[in-house]
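Have a look at the structure below, then the notes.
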Amino acid sequence: MAGTLQVSLWRGGSDGRYVDYEVPMRDSQTVLDIVTWVQRNADATLSYRFACRVGMCGSCAMTVNGRPRWTCRTHVSKVASNGRIKVGPLENLPVIKDLAADMQPFFEKWQRAQGRFAPSKTRTDPIERIAPDSPARLAANAAIECINCGVCYAACDTVRWNPDYLGPAALNRAWTLVNDVRDAANMERLTAVAADSGCHACHSHQSCQEHCPVALNPTASIAGLKRKTAQAYLRGEIKP
Amino acid sequence: MNVRLYIWQRLTAALMVPLLLVHLAVIFYASRKGLSAADMLARTRGSVSWALFYGTFVSAVAVHASIGLRTVLTEWTPLGTRASNIAVIAFGLLLAVLGFRAVVAVVLI
Amino acid sequence: MSLLARRTSPLWLAALVHRLSGLALATFLPFHFLTLGLAIAGESRLEGFLRWTDQPLVKLSEGLLVGLLAIHLLGGLRLLALENLAWREGQTRLALAAVAAAMVVGFVFLASVF
C-alpha cells in the first residue's frame, strides 16, 4: 500500500463540523472513491450523493479544498496538499446532511428566471424551421449543455454576497431560451431577469466560467442578457 | 441592481471616459508647469467651457458613485435595500452640492 | 485557506481592485471638492493649501490616487467591452496589461511632480 490520506469530511447540518478520517491511498483515486471508502469502511452514517460516477450527471458535486468540483472527476493526486483533503457540501446552498446540499433554492431561481420553455405553437402547426448556423441558434447551442450540477452557483461570489441573486445557471438557461425563436415568453423572461438581483447584479468575476465542468460560459450569456434587457427597456418593451 | 440603475451607471461611466482623459491631461499639465492657485484660477474664472465641462463631470460622478456605492453596501454590509438607497441618495446629493460649489468657486469671477 | 483558495484568478482580482479603487475614489471626492471650494474665499486660501500639498508624502498619495483613477477607468472599460463587444479570449492578459498601464500613469505623475 502506498500510504494513507488525511481526509476531513463535513459531518452534520449547517452547524456541523469537519471530522478526520484516514483513508488508504490507491492509484488513480478520485475524491468520490475516498468518500465511498469512508462510508463503506469507516462510518456507514456518512451521507453523500452520486449517480453515474463517470462525469456525466453532475450529482457528485462537492467543495474540495475550497473549490466546487465533480468529485468523480477529481483525481486525489491533483488536489491533495501534503496528503490532506478537505471535502464539504456545495457552498451557497443549505446543508441537508454531511456532503449533501439542498438544491431547492437553486431550482427555485431557475423558475424565477423563467428558465422554462413556453410553447408558441400546437402540434397541428408546421414544425419551425431553424437554421443550425443562425446566430441565435449558435448562441443558444453554446450554452445549452448545462446539467444543473450547481458548481457555478457554488463558485459565484455574487450569490454569496447577495442571496437573492438569480445566479449563473438560471441566467445561462434564460439566455438559451431568449435565443430560441420558438419560445413565446420572452417579454416575461426579460422582465424577470431585468429586475433587482437579476442579470445586472453580475460583476463578471467569471468564477462560473472558470469552474464549469462542461466548459460553459455563463458570464458571456449574462452579458448577452444585459444587452437584450437594456435594449428592451430603452424601447419601452419591458417595465420591470 | 436592476436594468434602470444599470443603464444609468454604464451611461455615466461611458460619458466620463473622455471627461476623465481630459481631466488627467489637466492634472499633468498643471503639475508639470507648477501652476499656482492664481495661475489655475486665471484660466478657469469666467470660463463657460470649464463650467460646462466640470458641471457635467460632477453630475455624472454623483450618479455613478451613488449607484456603485449602493451595490457595495447591499453586498458587503448588513444594510438592507431601503437603508442603502437612503444612504447613497444622501451621498449623491453631498457630492452634487460640494461638486457644484467647487465648480462655482473656480468659475465665478 | 479556503477563503482564498479559488479567488486568485486575475479576473476576479481585477473586479476586486475595481471595487476597492471605486471606494477609495468615492471617499476622496468630497475632500477634493471641499478643497477646490476654498477658492471661494479667494486665491490665497487655495494657494496655502496647494503649498501644503507640496510635501512628498502628500505628493505620493496624489500619485496613488491618480493610479487608482487610472485603474478604475481601465477596469470599467473592461466591463463595458465584456458586456457590449463580442466575447474574446485573452482577457487575463488584458487585465494584467491594464494594471501595468495604471502603474505607468501613476509613476509618470510622480515623476512630473518630484
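The values are calculated or read from the model by the stated rules, or taken from the named source; none is laboratory data. What you see is a predicted model; the values in this text were computed from it and never measured. Neighbour counts run over all protein chains shown; Cβ positions are idealised from the backbone, glycine included.
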Qualifying residue in segment B:43-50 (condition: part of a helix (DSSP H, G or I) and over 30 Å from residue C:59 (Cβ atoms)):
yes
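Pick out the one residue from A:189, A:182 that is crowded, with 20+ Cβ neighbours inside 10 Å, assigned by TED's automatic domain parsing to the domain that holds residue A:133 and within 16 Å of residue A:118 (Cα to Cα). Break it down into steps so the answer makes sense when it comes.
Working: A:182 fails: crowded, with 20+ Cβ neighbours inside 10 Å.
That would be A:189, the only listed residue that is crowded, with 20+ Cβ neighbours inside 10 Å, assigned by TED's automatic domain parsing to the domain that holds residue A:133 and within 16 Å of residue A:118 (Cα to Cα).
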Residues in segment A:191-198: is at least one more than 18 Å from residue A:110 (Cβ to Cβ) and among the charged types (D, E, K, R)?
no
Filtered residues of segment C:68-78 (kept if surrounded by fewer than 20 Cβ atoms within 10 Å (Cβ to Cβ) and within 18 Å of residue C:25 (Cα to Cα))
C:77
Of these, A:232, A:174, which one is part of a helix (DSSP H, G or I), within 9 Å of chain B (Cβ to nearest Cβ), in contact (Cβ under 8 Å) with a residue 12 or more places away in the chain and not charged (D, E, K, R)?
A:232
In the set A:37, A:110, the lone residue that is among the aromatic types (Phe, Trp, Tyr) and under 16 Å from residue A:154 (Cβ atoms) is A:110
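For a quick check of your reading: which helices (runs of 4 or more DSSP H) sit entirely within segment A:100-156 and have at least 2 residues that are of a type in the set (S, T, N, Q)?
Qualifying helices (runs of 4 or more DSSP H): A:104-112.
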Scan segment A:194-213 for residues that are more than 15 Å from residue A:173 (Cα to Cα) and facing chain B (nearest Cβ under 7 Å) and jot them down.
A:195, A:196, A:200, A:201
Tell me which residues, restricted to segment B:2-43, are of a type in the set (A, V, I, L, M, F, W, C) and away from chain C (no Cβ under 11 Å).
B:3, B:5, B:7, B:8, B:15, B:22, B:25, B:26
Against the definition (within 27 Å of residue A:153 (Cβ to Cβ) and either in contact with a Lys or Arg (Cβ under 9 Å, 6 or more places away or on another chain) or not in a helix (DSSP H, G or I) (or both)), how does residue A:14 come out, yes or no?
yes
Being at negative phi and surrounded by 14 or more Cβ atoms within 10 Å (Cβ to Cβ) narrows C:48, C:37 down to just C:37
If you scan segment A:211-240, which residues turn out to be more than 19 Å from residue A:140 (Cα to Cα) and in contact with a Cys (Cβ under 8 Å, 6 or more places away or on another chain)?
A:211
Any helices (runs of 4 or more DSSP H) falling wholly within segment C:11-114 and containing at least 3 residues that are free of Cβ contacts under 8 Å to residues at least 60 places away in the same chain and away from chain B (no Cβ under 11 Å)
C:56-84, C:91-113
For residues that are in a helix (DSSP H, G or I) and among the hydroxyl-bearing types (Ser, Thr, Tyr), scanning just segment A:33-81, find the one that is farthest from residue A:209 (Cα to Cα).
A:36
I'd like the residue in segment A:1-50 that is in contact with a helix residue (DSSP H, G or I) (Cβ under 9 Å, 6 or more places away or on another chain) and small (Gly, Ala, Ser) and, out of all such residues, is modelled with the highest pLDDT.
A:47
Close pairs (6 angstrom Cβ cut-off, 6 or more residues apart or separate chains): closer than 22 Å to residue A:100 by Cα and of a type in the set (Val, Ile, Thr) in segment A:1-15, at pLDDT 95 or above and not in a strand (DSSP E or B) anywhere
A:7/A:34
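Quick one: in segment C:1-10, of everything that is more than 7 Å from every other protein chain (Cβ to nearest Cβ) and without any contact (Cβ under 8 Å) to a residue 24 or more places away in the chain, which residue is farthest from residue B:76 (Cα to Cα)? Talk me through it step by step, then tell me what you get.
Looking only at segment C:1-10, we keep the residues that are more than 7 Å from every other protein chain (Cβ to nearest Cβ), and these are C:3-4, C:7-8, C:10.
Within this subset, residues satisfying the condition of being without any contact (Cβ under 8 Å) to a residue 24 or more places away in the chain are C:3-4, C:7-8.
Working: C:3: 15, C:4: 17, C:7: 17, C:8: 19 Å.
Out of the qualifying residues, it is C:8.
One line per residue, one yes/no per condition, for (1) away from chain C (no Cβ under 14 Å); (2) crowded, with 16+ Cβ neighbours inside 10 Å; (3) on the phi > 0 side of the Ramachandran plot:
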position: A:40; (1), (2), (3): yes, no, no
position: A:49; (1), (2), (3): yes, yes, no
position: A:53; (1), (2), (3): yes, yes, yes
position: A:63; (1), (2), (3): no, yes, no
position: A:66; (1), (2), (3): no, yes, yes
position: A:70; (1), (2), (3): yes, yes, no
position: A:74; (1), (2), (3): no, yes, no
position: A:83; (1), (2), (3): yes, no, yes
position: A:98; (1), (2), (3): yes, yes, yes
What about residue A:156, is it in contact (Cβ under 8 Å) with a residue 40 or more places away in the chain and surrounded by 24 or more Cβ atoms within 10 Å (Cβ to Cβ)?
yes
Test: residue B:91 is at pLDDT 95 or above and not in a loop (DSSP other than H, G, I, E, B):
yes
